[in-house]
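Remarks on the structure that follows.
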Amino acid sequence: MTAKPLIERSELDAYRAMLQRAHTPQEAVVVEQLRAITQNIIPLYLMLSTGAVVLGATFIESAPHWMTMGVPGFAVLISVFRIAKWFGAEKQMIDPDYAHRAIRQLEAFAIVLFVVMAIWVYMFIPYANEAEMAYLAFFTAFTGAAGTVCTMSRPRLVAASLLFTFGEYVMFFASQGERFYLLVLAQLAMTFFVFFQVSRTHWYRLAQSVMLQDDLTSESDRAARLANRNNQMALLDTLTGLPNRHSFFNEIDASYDPHTDEKFPIIGLIDLDGFKPINDVFGHTAGDAVLVETARRLNELLRGRAFVARLGGDEFAYILPTTVDSPEVKAVAEAVVEALSQPVKLPSGDSSRVSASVGYSSRAFGAASARELLEQADFALFRAKEAKAGKPVEFSASHAETKRREAAVHQAFKRADLDAEIHLVFQPIVESTSGAVVRWEALARWTSPVLGRVSPGEFVAVAEKAGMTPQMTRAVFRKALAQLKAWPDTASISVNLSAQDIISRDTTDTLIALLGQEEESLRERIVIEITESSLMSDLDEARHNLMRYRSLGVKIALDDFGTGYSSLRYLQELEFDIVKIDRSFAMAMGGKARSLGLVSAILQLCRSMGIECVIEGVETREQLGHARRAGCRLVQGYLYATPLETREASRCVSADFRFSPYDELLASGGRKVA
């Protein structure tokens with residue numbers, strides 16, 4: 001059996017409403033005083049009406065009828081009227097202004113009532129015998145006491161009631177000098193004093209309760225506002241004010257239901273190109289300004305047409321509803337690219353410019369969920385960044401085929417026995433003056449039992465996306481160490497580490513453990529190659545791990561030099577043994593004196609820092625000639641050899657194979673000689 005609640009829910013709601021309407025705790029106390037008094041209105045007026053009728057009946061045979069019947073009848077009518085009035089005003093009682101007026105009116109009415117009652121009692125005295133005088137005294141004392149109890153929450157009203165009653169008793173009865181009335185007067189004085197003290201205590205407790213509840217309500221409201229703010233912050237990006245990643249994914253899930261929706265929404269992903277240099281050159285304050293301005297432009301452009309969010313970093317996204325037709329979809333993407341390509345004013349007063357790569361989903365392919373549309377947009381964005389053409393890219397049929405191929409490669413790679421299926425090929429790095437091979441770069445190749453030979457361009461990207469680079473790197477490293485031990489002591493091998501590898505403590509621990517098992521003389525013949533991009537995500541962690549390799553005698557090479565944004569910074573902060581100039585420079589030197597001069601400057605910089613320098617991607621005699629004119633001696637590229645299988649590379653190492661010196665190679669038309 002469920003226990004009945006101590007307080008009805010409606011009462012609590014009224015109490016809360018009262019606290020919310022009150023401007024100060026004092027106003028809340030007044031309202032609660034009125035509410036407490038009104039709860040005693042019915043018994044108060046029933047008591048007054050009953051007392052008046054009984055008193056009139058007592059003197060009905062001796063006093064005039066207007067006194068014995070008229071006044072009691074009028075008292076009953078007044079009681080009915082007052083009770084009805086309070087019932088009608090019940091909803092207004094939570095209003096502080098109304099409560100103040102009602103309390104003042106109640107106090108004034110009480111004074112008038114006490115005066116009228118006193119006059120009425122006094123008019124009965126000439127008609128009263130000794131017993132009836134005692135009843136008049138009883139009526140006066142207990143009517144005042146009852147009125148006091150009913151108005152206990154308002155000490156001022158209690159005081160008025162007690163003073164009028166006590167004064168009436170003194171004037172009408174104690175003044176007669178009879179011992180009985182004097183004794184009753186003493187008892188009455190003490191009783192009234194106790195009533196007044198109880199009233200004050202009751203008021204004090206009521207005020208405490210109201211003020212405590214007011215504090216609790218204020219704290220509850222503050223907590224509710226804080227919770228609401230936290231909920232908003234959980235769904236909003238604090239920097240730009242846009243919905244955040246969490247909010248975006250909620251919106252994606254709600255944007256498409258394959259069971260009911262016949263048409264797809266469009267999901268677009270935006271990535272800012274050139275944002276990192278602004279952060280590096282002008283600082284994070286400038287970067288934040290760019291992000292805020294990007295959000296403002298997107299809001300201005302897409303307000304009312306799309307849901308816009310910031311996913312994190314310099315990534316933004318939008319969702320176009322199903323009502324947007326295909327021509328408008330393309331126009332929106334182009335407008336985004338155009339809007340974000342305009343110059344941005346930085347806090348320093350400088351102006352800078354970023355561009356945007358945009359990829360968006362298509363309605364030409366089926367999708368089981370909005371998440372599949374997001375995958376389409378992500379794939380299209382990747383292609384847009386590859387193209388660097390400043391045009392938005394829509395997910396296409398060729399993308400779908402590539403995506404299916406990637407999925408197949410991904411599944412096969414996850415199931416692969418990498419130690420058995422990965423093998424190495426080796427490309428020589430040549431000292432072009434003598435033609436001697438100074439080092440062999442180990443490159444991974446994968447032959448899948450399901451897919452056959454898979455190009456590195458496919459499986460390396462899949463490994464990075466799947467987070468399986470560490471497993472692949474460990475397999476490559478073990479094979480490279482085994483091959484190095486099989487070759488003569490003069491041979492040297494370089495191994496590539498990915499961005500994931502170089503900032504991973506687990507991978508570093510594993511490779512350090514493998515290297516620690518080898519002799520120092522072998523470790524000194526190992527070179528680890530890293531790219532500039534691998535340093536961008538966490539330079540401090542990369543530095544820490546690289547120093548651990550260096551402590552074992554391993555050399556460190558910076559690959560693809562010149563393609564990043566902070567090459568000189570990396571040369572300054574990290575101790576590189578080797579720099580490999582990116583192949584794009586070898587291709588550009590053909591007819592550009594500026595490119596030739598730039599390569600020459602890089603070589604002079606490396607020479608001044610005691611760093612070995614290699615130029616990659618030399619594929620023609622002309623490129624070799626330009627490289628030599630720029631001062632490059634160490635060369636890598638197809639002009640000398642494509643990557644060789646292990647057996648062929650081993651023969652070259654064992655036979656101390658040499659390529660033609662560069663002058664002979666250029667004169668011979670490219671013939672390789674031992």
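Quick note: the coordinates plus some simple rules give every number you see, no bench work behind them. From a predicted model like this one, the values you see are computed outputs, not experimental measurements. Backbone-built Cβ (ideal geometry, glycine too); neighbour counts: all protein chains shown.
Miscellaneous remarks
- Helical content of the chain, expressed as a calculated mean residue ellipticity at 222 nm, amounts to -19500 deg cm²/dmol (DSSP H runs of 4 or more residues, -39,500 (n - 2.57) each, divided by residue number, nearest 500).
- Length-normalised contact order for segment 245-395 - Cα pairs under 8 Å, 6+ apart - percent: 30
- By the rule of a C-alpha distance below 18 Å, with chain neighbours fewer than 8 residues away ignored, no lysines are paired with Lys85.
- For the pair Arg621 and Leu239, the difference between a 0.36 nm per residue extended length and the Cα-Cα distance amounts to 132.1 nm.
- From the alpha carbon centroid of segment 484-499 to that of segment 375-417 is 33 Å.
- Applying the criteria of a DSSP loop state and at most 15 other Cβ atoms within 10 Å to the trypsin sites (Lys or Arg not before Pro) of segment 246-326 yields Lys263, Arg303, Arg305.
- With Rh defined as the Kirkwood radius, the inverse of the mean 1/r over Cα pairs, the Rg/Rh of segment 568-631 is 0.98.
- Neighbour cut-off at most 16 other Cβ (10 Å), DSSP loop, GluC sites (Glu not before Pro), segment 53-156: Glu61
- Cysteines (scope the chain) whose Cβ has no counterpart Cys Cβ under 4.7 Å: Cys150, Cys632, Cys652
- The number of Lys pairs in segment 394-507 with C-alpha atoms less than 24 Å apart, excluding pairs fewer than 8 positions apart on the same chain, is 5.
- Assigned charges on the beta-carbon of Lys, Arg, Asp, Glu; segment 245-395 dipole about Cα centre (debye): 340
- The alpha carbon convex hull volume per residue for segment 124-198 rounds to 73 Å³.
- Given charges at Cβ of Lys, Arg, Asp, Glu: segment 427-668 dipole, positive-most of Val476, Val653, Leu571: Val653
- Between segment 299-337 and segment 548-624, the alpha-carbon centres lie 41 Å apart.
- Considering only Leu558, Gly617, Ser533, the residue lying farthest towards the positive end of the dipole of segment 427-668 is Gly617, judged by Cα position with unit charges set on Cβ.
- Volume per residue of the convex hull around the Cα atoms, evaluated for segment 245-395, comes out as 101 Å³.
- Computed as a quarter of the hull surface, the mean projected area of the alpha carbon convex hull for the chain stands at 51.6 nm².
- Hull volume per residue, based on the alpha-carbon atoms of segment 427-668 and their convex hull, is 135 Å³.
- Gyration tensor over the Cα atoms of segment 374-431: the corresponding equivalent ellipsoid has semi-axes (square roots of 5 times the eigenvalues, largest first) of 30, 21, 8 Å.
- Counting only Cβ charges, +1 for Lys and Arg and -1 for Asp and Glu, the dipole size of the chain around its Cα centre is about 460 debye.
- Cα-based Rg and Dmax for segment 518-586, where Dmax is the largest Cα-Cα distance (Å): 12.5, 37
- Kyte-Doolittle mean at least -0.5, axial Cα span of 24 Å or more - DSSP H helices of the chain: 41-58, 71-88, 96-124, 130-150, 155-172, 179-235, 284-302, 370-387, 469-486
- Computed FRET value (nearest 0.05) for His284 with Ala84, which takes r as the C-beta separation and R₀ as 60 Å: 0.25
- Computed extension gain for Lys263 through Ser369, at 0.36 nm per residue and net of the alpha carbon distance, reaches 37.0 nm.
- Placing unit charges on each Cβ (+1 for Lys and Arg, -1 for Asp and Glu) gives the chain a dipole about its Cα centre, and among Leu301, Val344, Ile502 the Cα reaching farthest toward its positive end belongs to Val344.
- Taking the centroid of alpha carbons for each part, segment 428-469 and segment 248-277 are 36 Å apart.
- Length-normalised contact order of segment 586-674 in % [C-alpha pairs under 8 Å, at least 6 apart]: 26
- Here the extension length gained between Leu514 and Asp417 equals 33.0 nm, from 0.36 nm per residue of separation less the Cα-Cα distance.
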